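The structure appears right after this line, and notes come after that.
The values are calculated or read from the model by the stated rules, or taken from the named source; none is laboratory data. Quantities reported herein were computed from a predicted structural model and do not represent experimental measurements. Neighbour counts run over all protein chains shown; Cβ positions are idealised from the backbone, glycine included. We work out accessible area using only protein heavy atoms, side chains counted, and drop any ligands, DNA or RNA first. Shrake-Rupley method; radii C 1.70, N 1.55, O 1.52, S 1.80 Å.
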Amino acid sequence: MRFDLVDLQLFIAVADARSITGGAERAHLALASASERIKGLEDALGVALFRRVRRGVELTAAGESLLDHARLVMHHVEAMRGDLASFASGVRASVQLLANTVGLSEHLPRALAAFLREHPDIDVDIEERESADIASAIASGSADLGFAAEHALPDNVERFVFGEDRLALVAARRSKLAGRRQIDFHEVAGHVFV
């Protein structure tokens, strides 16, 4: 069984307008042509898609089912057109990049701007996520690259150091930690902080 996209668009238009005349107008088809296409679709499927009523048409149960599928098909066709349009405009690749908040706000803007200037044919889609979610997405293949805190990454994810965060500890003057120029994290891990 073959489906014509024009027939599916017309079917959706008739269902939305609740009228073959209204659907024909929305689909920019002559009424006779639209009526013939709907009849051909019903014949090809072997079921009635519409019930003729006093003020137009109503979907049958089969029509309701086809409407759900037709909307999905047309949505996918539009998504495909969008994806392919980027190739026509010169984009040759698309990369899905996930980043945690620190990466997105601190480390990536300058590096990403430089990369995109040098590679205008690559489209980078960025989404903010938690580091643990990023690791899962990379492992499952639903993202291409990720910027995450190393401690949140499992061993099975390939990684390399991109940048280092320097954190400052603010302590009271009477604290044992006051006045020190450098403190390792393990030295403060046991302290209670507010």
Quiz item: Using beta carbons and a limit of 7 Å, which pairs, at least six apart or on different chains, have the first residue in the stretch 150-179 and more than 18 Å from S131 (Cα to Cα) and the second one among the hydrophobic types (A, V, I, L, M, F, W, C) and loosely packed, with under 11 Cβ neighbours inside 10 Å?
Solution: A178/A172
Quiz item: What residue, of L66, L59, L116, L72, is open to solvent by 70 Å² or more (accessible area, probe 1.4 Å) and either at pLDDT below 95 or at negative phi (or both)?
Solution: L72
Quiz prompt | Conditions (1) among the charged types (D, E, K, R); (2) under 20 Å from G103 (Cβ atoms); (3) not in a helix (DSSP H, G or I); number of the one not met by K176 | solution = (2)
Practice problem: Given the conditions (1) modelled with pLDDT of 90 or more; (2) open to solvent by less than 70 Å² (accessible area, probe 1.4 Å), report the number of the one that P109 does not fulfil. | Solution: (1)
Quiz item: Would you pick out the residues in the stretch 1-28 that are over 18 Å from V47 (Cα atoms), of a type in the set (A, V, I, L, M, F, W, C) and surrounded by 19 or more Cβ atoms within 10 Å (Cβ to Cβ)?
Solution: A13, A24, A27
Quiz prompt | Single residue of D133, D165, D125 found to be part of a strand (DSSP E or B) and of a type outside the set (A, V, I, L, M, F, W, C) | solution = D125
Exercise. Evaluate the following for F11: is it of a type in the set (F, W, Y), within 29 Å of the chain's Cα centre (by Cα) and modelled with pLDDT under 90?
Key: no
Quiz prompt | Test for G82: is it of a type outside the set (A, V, I, L, M), in a helix (DSSP H, G or I) and within 20 Å of the chain's Cα centre (by Cα) | solution = yes
